[in-house]
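For reference, the structure discussed in these notes is given below.
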Amino acid sequence: MTTAPTATAPTAPPLPAGRTLVALLHDRPAVHGLLNALRTTGLRPHPVSDGVLIELRDADDRLVAAVQAARHVSVLAEAERLLGPLDDEDVPAQPWWVEARASHPDAFTALTAFATALTTRYGGTVRTTPSDATAPPIATPAPHPALIAATEHTLLAADDRPLIPFSAMLADALATHGPEGCAVQIVTPPGSTVTPLLAVFLASGPLFRWVISNDGTHHDALTGEPLVWDDRHGFVTDTHALREHGPHPDHLPTEGRQAPGWRLTVELTTLHPASDDLLLGEAAELLAAHLTGGRIALFDTGEPLCLPWDPHALTRLCRDRAPAASLLPFSGMPDSVRDPDSLGFHGLLRVQRVQEGVKETVCLTVVHPQGAQPDLDAIPRAVAALASRGLIRSMSVARRPGTRPEPRWTGFPAPVGLALGPEGITELGVTDPATAPVPVRLLGPSLNPAAWYRVGDGTHPEDWNRLRLLHRHLDPERR
């Protein structure tokens with residue numbers, strides 16, 4: 001854990017008065033129509049990221065706004081998931097989503113004129129975020145419109161929307177300005193929350209954080225730890241404040257204060273030989289089928305998820321981006337139109353070229369509503385299916401209370417188990433899996449099985465100790 005320096009820490013960047021609008025259009029905007037609408041802003045457009053993003057600069061060459069290229073939303077319920085009910089007559093059944101972000105308060109008026117010009121020409125409606133006029137604009141321009149600051153090791157974004165997505169604009173910022181090992185931190189006001197997909201992304205790195213900014217103080221949204229600004233690492237734990245005052249009051253465990261329902265999170269890693277006929281996505285499909293009873297429906301480079309699930313299209317996208325890594329969110333159908341016999345789920349697929357081949361990492365979260373218990377017996381069945389297809393190197397499973405991320409304490413997460421594929425067993429030099437300190441099952445092909453180590457049921461914090469014992473058994477050199 002990175003902690004605060006002993007010297008007086010610099011002041012954190014203020015949360016900017018940025019605002020976002022989304023135009024939902026009936027027809028796809030043509031290039032000339034988009035340019036004509038941009039002229040109404042009085043700002044200078046500058047295409048970046050191969051034209052996927054248009055930066056808008058003022059007369060002083062300051063980056064004050066940005067517009068994302070139009071994206072076709074194939075399922076209206078996906079737009080409603082992010083924006084709320086869309087029941088007025090101007091909303092198309094399959095809208096073209098055009099998102100724009102102003103990082104300076106004066107620029108939002110210009111963006112409003114841009115959106116009005118678009119809807120006049122192509123039909124549709126506009127949704128905007130609430131105004132936060134009290135927040136000051138940032139003093140130093142950031143390298144990307146989705147960011148407010150970039151330190152040596154951290155990219156910092158801020159958003160004041162009630163529900164903050166893993167937006168395509170943020171994904172573009174990470175792909176463009178996020179070097180290997182760079183941390184990401186999202187700053188929000190107390191009343192905002194993040195989508196489950198953004199929460200999964202923020203849980204994927206050791207210094208990735210969801211930061212709550214409240215009257216000049218900051219704390220970690222998931223742990224309640226007080227935070228302080230560091231010029232190299234962004235927001236880090238304020239150890240002095242933590243010793244003196246403890247975590248934020250919203251994160252103190254109290255009797256009976258546990259979120260309803262459960263989330264089961266699976267992280268799977270597999271390694272493919274690099275070949276022209278490689279097809280990605282099968283591991284994610286198998287996990288979804290065994291653990292949710294449903295199928296993956298949508299994927300994209302960011303939210304909203306606009307593309308119907310297609311492993312061939314997904315593989316082409318990753319190949320076009322190589323050797324850069326690809327981070328692609330996916331999900332089943334939105335809850336409002338999901339088959340009631342299946343469970344809701346969401347996930348992230350990370351694909352990167354490594355020396356040994358192509359590494360594919362799947363992080364899948366399955367949502368179990370109040371009164372429903374995870375079927376933990378489905379996990380070994382999934383491991384067996386993955387092993388039979390040669391799609392598992394390692395896999396971990398954990399369980400935590402609550403059906404969605406919340407900026408408060410929702411109960412203790414705990415591990416369920418760990419799986420190793422044949423390559424993982426060989427790599428660690430495990431000669432006899434049955435000697436492990438926890439129950440183990442060999443699954444899949446009899447000559448080349450995977451091992452499933454059951455640590456617990458994911459409801460007891462002490463299961464973390466059993467997991468530590470298992471790690472020491474499997475990798476004694478790192479004890």
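The values are calculated or read from the model by the stated rules, or taken from the named source; none is laboratory data. No experiment lies behind these values; they were computed from the predicted model shown. Glycine gets a Cβ as well: all are built from the backbone with ideal geometry, and neighbour counts include every protein chain shown.
Values computed for the structure shown
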| read-out | value |
| --- | --- |
| Selection status of Thr193, among the hydroxyl-bearing types (Ser, Thr, Tyr), more than 23 Å from Pro47 (Cα to Cα) and touching a Cys at 6+ places or on another chain (Cβ under 8 Å) | no |
| Yes/no for Ser336 being surrounded by fewer than 13 Cβ atoms within 10 Å (Cβ to Cβ), assigned by TED's automatic domain parsing to the domain that holds Phe412, small (Gly, Ala, Ser) and outside any strand (DSSP E or B) | yes |
| Complete set of residues in the stretch 70-90 that are crowded, with 19+ Cβ neighbours inside 10 Å and assigned to a loop (DSSP other than H, G, I, E, B) | Ala70, Val73, Val75 |
| Residue within the stretch 376-394 that is assigned by TED's automatic domain parsing to the domain that holds Ile296, crowded, with 22+ Cβ neighbours inside 10 Å and among the basic types (Lys, Arg) present | yes |
| Some residue of the stretch 59-79 being at pLDDT below 80, over 30 Å from Ser213 (Cα atoms), among the small types (Gly, Ala, Ser) and outside the structural domain of Ser192 (by TED's automatic domain parsing) | no |
| Odd one out for Gly224 among (1) in a loop (DSSP other than H, G, I, E, B); (2) of a type outside the set (D, E, K, R); (3) without any contact (Cβ under 8 Å) to a residue 24 or more places away in the chain; (4) touching a Leu at 6+ places or on another chain (Cβ under 8 Å) | (3) |
| Residues of the stretch 96-126 that turn out to be within 19 Å of Pro145 (Cα to Cα) and not small (Gly, Ala, Ser), as a count | 12 |
| Positions within the stretch 57-73 being under 30 Å from Ala93 (Cα atoms) and among the aliphatic types (A, V, I, L, M), in sequence order | Ala65, Ala66, Val67, Ala69, Ala70, Val73 |
| Checklist (1) part of a loop (DSSP other than H, G, I, E, B); (2) touching a strand residue (DSSP E or B) at 6+ places or on another chain (Cβ under 9 Å); (3) surrounded by 13 or more Cβ atoms within 10 Å (Cβ to Cβ); (4) free of Cβ contacts under 8 Å to residues at least 60 places away in the same chain applied to Phe330, failing item | (1) |
| Residue in the stretch 248-289 that is surrounded by the most Cβ atoms within 10 Å (Cβ to Cβ), counting only those that are free of Cβ contacts under 8 Å to residues at least 60 places away in the same chain and closer than 24 Å to Gly411 by Cβ | His248 |
| So Val440, is it on the phi < 0 side of the Ramachandran plot, touching a Leu at 6+ places or on another chain (Cβ under 7 Å) and of a type in the set (Val, Ile, Thr) | no |
| Among (1) outside any strand (DSSP E or B); (2) modelled with pLDDT of 90 or more, the one test that Ser396 misses | (1) |
| Any chance Arg28 is assigned to a loop (DSSP other than H, G, I, E, B), modelled with pLDDT of 90 or more and within 28 Å of the chain's Cα centre (by Cα) | yes |
| Arg400 vs. criteria at negative phi, in contact (Cβ under 8 Å) with a residue 24 or more places away in the chain and not hydroxyl-bearing (Ser, Thr, Tyr) | yes |
| Of all residues making up the stretch 281-297, the number that are assigned to a loop (DSSP other than H, G, I, E, B) and not basic (Lys, Arg) | 5 |
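Okay, residues lined up against (1) touching a Phe, Trp or Tyr at 6+ places or on another chain (Cβ under 7 Å); (2) under 21 Å from Ser204 (Cβ atoms):
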site	(1), (2)
Pro311	no, no
Arg316	no, no
Arg321	no, yes
Ser326	no, yes
Met333	no, no
Ser336	no, no
Leu343	no, no
Val366	yes, yes
